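J.: Right, I'll just put the structure down here and ask away after.
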Amino acid sequence: MSQINNSSTQFQNPSRLRFDEELRVGIHVVCQHVGMINSRGLWFQDDPLEYTLPLLLLQLSLISIITRSIYIFLKPLGQPSIVSHILGGVILGPSILGHNLAFMNKIFPREGRITLETLSVFGIMLFIFQVGVKIDPSIVWKSGKRALVVGILGFFIPFALASSIRLLLCHSISLDDAVCHVLQLVVLMQSVTAFPVIAIFLAEFKILNSDIGRLASSSSMICDMCFWSFMLIFYVAHVAKEKSMQAAIGSILSVGCLVYLLLFGIRPAALWAIRNTPEGKPVKDAYIYVVFVALMGFGFLGEAIGINSLITSFLLGLVIPDGPPLGAAIVDRLDCFVSALLMPIFFTLCGLKTNVFSVQKWKTVGAILLVVFIGFLGKIIGTMLPPLFCRMPFRDALALGLLMNSKGIVELVLLNDWKTNSDNMTDECFAIMILSVVVLIGVISPLVKALYDPSRRFLAYRRRTIRHHQSNEELRILACVLSQDNVRTIINLLDVSNHTNDNPIGIYVLHLIKLVGRASSLLITHLPREKPSQNPTESERIFNAFKKFEHENCSRAALHCCKSISPYETMHNDVCSVALDHRISFIIIPFYNQSINGKMVNSFHVFRHLNKNVLDKAPCSVGVLIDRGNFRKSLAELLSCRIVVLFFGGADDREALAYAVRMSGNPHVSVTLLHFTTTSTSEGAEIAGGTERSKRLDSEILDEYKLNAEENERVSYLEEVVMDSEGVLAVTESIENSYDLVMVGKRHGESELMSNLGKCNEHTELGAIGEMLAVTDSKLRASVLVVQQQTRVWGLRDAEDSSLLRREEKDVAGVPNSNVYSI
């Protein structure tokens, strides 16, 4: 009774109470005045740190400043943000600043940390729900045999090896029972490869839509299923042992009812909401509200039946369809709040709980690190063997093995749960495990970046250009479509490409879609519906327009449709991958500026990175199409399409001219060549620099064109003599509305004239002349096609000299002609 009276007296004291009373092992009671939330300020002699809200704001500020400072320092070293967050917590915790008890009791007191921990757990709950929304469960069934084998071996091989070492250690050296139990948890943690962790790392490494990225995503899902199946069996056995078989059966039945409610209650409701949301329209706020209420309700229901709210949140996210409109809207609402505010709190708290001074027994350190290393090695072996058997390059297989060893949010959640609910997870073991996670992440991140470059596979082994295209062979063109606005212009460009029965074209249409509300990128072939929909998607409308073009041209054009759903930062990987796999000779990609009433407007800046990367990494020639609207008109009238080629010299101009020559075979097309020359003989006065060999090639293709002009009245040759850059500007301005399409090469040899033209070059991916034609204040009303000849060929050193590469028709000195080029 006296104790109760003492407690009540202390509660009346306005100062914060700091005392713990052990009720049972691992449980502490912290008393705090419930009304002390807002401080009146220093002028009223109130200590702000004695109140909940000011203390929370100070804690969040310190966490943000310190973790951000560490991230700025570690980012050049290739370290992900999770490392800086954990290290920030270690700095603030008992290992460094918190080693000063006065600092710890004032800034991070036990009662003040309760609010932080509640926020962090709520943040994890939202994050896990968000991950579930992003996942498409059907990927597991579509993953293929390779991903299935990698996922299974990636779980069971490290589990078997690490378990064997654990048994050996526990029987050969004198380890505490608690440490032996912790080693079993270490085995489980080293065996799992969590999909949420892999998805985060792939996004940070910008390889989400690479071959390795897709394989790692699918394999991690399989590995996750193995882990959680094992944990489910372990959980049921534990309940049956600790409680009773009836309790185990009741737990299983309650989980089954929960899953049934999700599948046949929430899932149909989500599909109904999607059907009632018109394409392109935002999801109603009422639908989002209902989803968040369901999240809170199912979280509570899970806790009530003995399932962690994180698991129920994940299951709820899984039944909601990923991507637009509903999944994307949910992710968009949560992303910034969860990723920028709540998740750093959790990572920092992991560091705050880490006390390096608790590490005392080197025998324990050695045992845990040995099991971690064996598990790491087993994961490398299990994930590398299947890809190597499928003839994947060793560097790529090693990068995959390292990726599958990545640790992150899921492992930290497991460690925190074990520390809270297991008496065996001591501060020493927890600190060792947290530090091992940081070291693993710190080592894996730069290694993966150094080992794996997705663009390395885009190096072609033969010429893929229009200039080197063999006659009577199908010319394969990849048309990249960003929106419906690009369709009409691209179709018109294809229509004038002179597709005949003798010279057919293969059209590969790739619809590029931003990855929104999904965790995995997709590159899939479009499969038409059995019954046409009254409300077709944007992709279907785009593909239908190209199918109509194919139908009108019968056997002269073959159409193949696919779509890429990936982040803008790595979308070029899908473009280059399709071009390489299908032996494309020419890529058409829209310029990110668009025309409104004949005027160019800067409306698509996000695509500039895409254009630049495609030009840098493409395994074939590329054309950047600048749409000014004029080229969209019908080509039904005779000579309805007027094309002009601006020729200064160089490989890219030769490629543009080669394309124009092919177009000249179309009876509805007229082609004019403007050849820029100069009469000045002073040094540096040439139009465009280049090697003697390149200039000889220019002369050869010009002679061929002049001969063609004499025989074809729709082909003309004009020579423009200019003295400086002002003369070039005057000629281009005189074109105005005389033509429908202007074609020019991107790169030109160094010269004084080109240097003057390129001084104010804003769009470096267009080159000096292309930039001049694309500027928003240009009087030119014709659309522009800026052409770059293939630059990436195996064994190629000089892009200019590459134009001379020709396939030999016969063997040379007994060497097969497939390996010999002539110059």
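The values are calculated or read from the model by the stated rules, or taken from the named source; none is laboratory data. Keep in mind it's a predicted model, so treat the numbers as computed, not measured. Here the Cβ is made from the backbone with ideal geometry for all residues, glycine too, and neighbour counts use every protein chain on show. Accessible surface areas use protein heavy atoms only, side chains included; no ligands, DNA or RNA. Shrake-Rupley method; radii C 1.70, N 1.55, O 1.52, S 1.80 Å.
J.: Given a Förster radius of 30 Å and the C-beta distance between Ile233 and Phe373 as r, what FRET efficiency does 1/(1 + (r/R0)^6) yield to the nearest 0.05?
T.: That gives a FRET efficiency of 0.65.
J.: Quick one: which of 100-106, 509-515, 378-384 comes out on top by average Cβ neighbours within 10 Å, and what's the full order, highest first?
T.: Sorting 100-106, 509-515, 378-384 by mean packing, highest first, produces 378-384, 509-515, 100-106.
J.: Given the Cα-Cα distance of Leu388 and Ala558 and 0.36 nm per residue of separation, how much length would full extension add, in nm?
T.: Length gained between Leu388 and Ala558: 57.6 nm.
J.: Sort largest first and round to whole Å: the equivalent ellipsoid semi-axes of the stretch 497-585, each the square root of five times a Cα gyration tensor eigenvalue.
T.: Each semi-axis is the square root of five times an eigenvalue, giving 25, 19, 9 Å.
J.: From the C-alpha gyration tensor of the stretch 479-548, pull out the three semi-axes of the equivalent ellipsoid (sqrt of 5λ each), sorted largest to smallest, in whole Å.
T.: With the √(5λ) rule applied to the stretch 479-548, the semi-axes are 25, 15, 12 Å.
J.: Using a ≥ b ≥ c from the Cα gyration tensor of the stretch 72-130 (square roots of the eigenvalues), is it rounded, prolate or oblate, where a/c under 1.5 gives rounded and otherwise the larger of a/b and b/c decides, a/b for prolate?
T.: Since a/c reaches 1.5 but b/c is at least a/b, the shape of the stretch 72-130 is classed as oblate.
J.: Please give, to one decimal in nm, the separation of the simple spin-label points placed at Asp417 and Ile65, each 7 Å out from Cα toward the Cβ.
T.: 3.6
J.: Past 31 Å, Cα to Cα, is the threshold; run Lys281/Lys548; Lys361/Lys407; Lys353/Lys514; Lys145/Lys514; Lys75/Lys353; Lys75/Lys514 against it and keep the listed order.
T.: Over 31 Å Cα-Cα: Lys353/Lys514.
J.: Quick one: which of 243-251, 361-369, 402-410, 161-169 comes out on top by average Cβ neighbours within 10 Å, and what's the full order, highest first?
T.: 402-410, 161-169, 361-369, 243-251
J.: Could I have the simple spin-label model distance between Ser174 and Glu752, label points 7 Å from Cα toward Cβ, reported in nm to one decimal?
T.: 9.0
J.: Which shape class, rounded, prolate or oblate, goes with the stretch 380-453 when its Cα gyration tensor gives a ≥ b ≥ c as root eigenvalues, a/c under 1.5 marks rounded, and past that a/b bigger than b/c marks prolate?
T.: In terms of gyration-tensor shape, prolate.
J.: Also: Given H placed on each backbone N at 1.01 Å, which residues far from Gly749 in sequence or on other chains put an amide H within less than 5 Å of it?
T.: Gly689
J.: Just by accessible area at a 1.4 angstrom probe, what is the order of Cys390, Cys223 from largest to smallest?
T.: Cys390, Cys223
J.: Is there a quick way to get the dipole size of the chain? I mean about its Cα centre, with the Cβ of Lys and Arg at +1 and of Asp and Glu at -1; what is the value in debye to the nearest 20?
T.: For this selection, approximately 2100 debye.
J.: Of Ser339, Gly302, Met221, whose Cα points farthest to the positive end of the dipole of the stretch 200-341 (charges on the beta-carbon: +1 Lys, Arg; -1 Asp, Glu; origin at the Cα centre)?
T.: Gly302
J.: Cβ neighbours within 10 Å, averaged per peptide: list 703-710, 77-84, 318-325, 111-118 in order, most packed at the top.
T.: Those peptides, ordered most packed to least, come out 318-325, 77-84, 111-118, 703-710.
J.: Heavy atoms only, probe 1.4 Å: what % of the accessible area of the chain goes to carbon and sulfur, would you let me know?
T.: 59
J.: Continuing with this model, one more query. Which shape class applies to the stretch 472-517: rounded if a/c is under 1.5, otherwise prolate when a/b exceeds b/c and oblate if not, where a ≥ b ≥ c are the square roots of the Cα gyration tensor eigenvalues?
T.: oblate
J.: Roughly what angle does helix 144-172 make with the longest principal axis of the chain, taking Cα atoms, 0 to 90 degrees, to the nearest 10?
T.: Its long axis makes an angle of about 30 degrees.
J.: If you line up the long axis of helix 245-261 against the longest principal axis of the chain, both from Cα atoms, how many degrees apart are they, to the nearest 10?
T.: The two axes meet at around 30 degrees.
J.: Taking 0.36 nm per intervening residue step and subtracting the Cα-Cα distance, what contour gain separates Leu341 from Ile381 on full extension?
T.: 10.6 nm
J.: Run the quick spin-label model on Val259 and Thr691: label points 7 Å from Cα toward the beta carbon, then report their separation in nm to one decimal.
T.: Result: 6.6 nm between the two label points.
J.: What per residue convex hull volume, in Å³, do the alpha-carbon atoms of the chain yield?
T.: Residue-normalised Cα hull volume stands at 234 Å³.
J.: Write down the accessible area per residue of the chain in Å², having rolled a 1.4 Å probe over the full set of protein chains.
T.: That works out to 47 Å² per residue.
J.: Based on DSSP, what percent of beta bridges with both residues in the chain are antiparallel, to the nearest 5?
T.: Taking every DSSP beta bridge with both residues in the chain, the antiparallel ones total about 30 percent.
J.: Would you mind checking the tilt of helix 608-617 against the longest principal axis of the Cα atoms of the chain, expressed as 0 to 90 degrees and rounded to 10?
T.: Rounded to the nearest ten degrees, it is 70.
J.: Nearest 5 is fine: what % of DSSP beta bridges in the stretch 500-567 come out antiparallel, could you say?
T.: 30
J.: Give me the extension gain from Leu718 to Leu49: residue separation times 0.36 nm, minus the current Cα-Cα distance, reported in nm with one decimal.
T.: 232.7 nm
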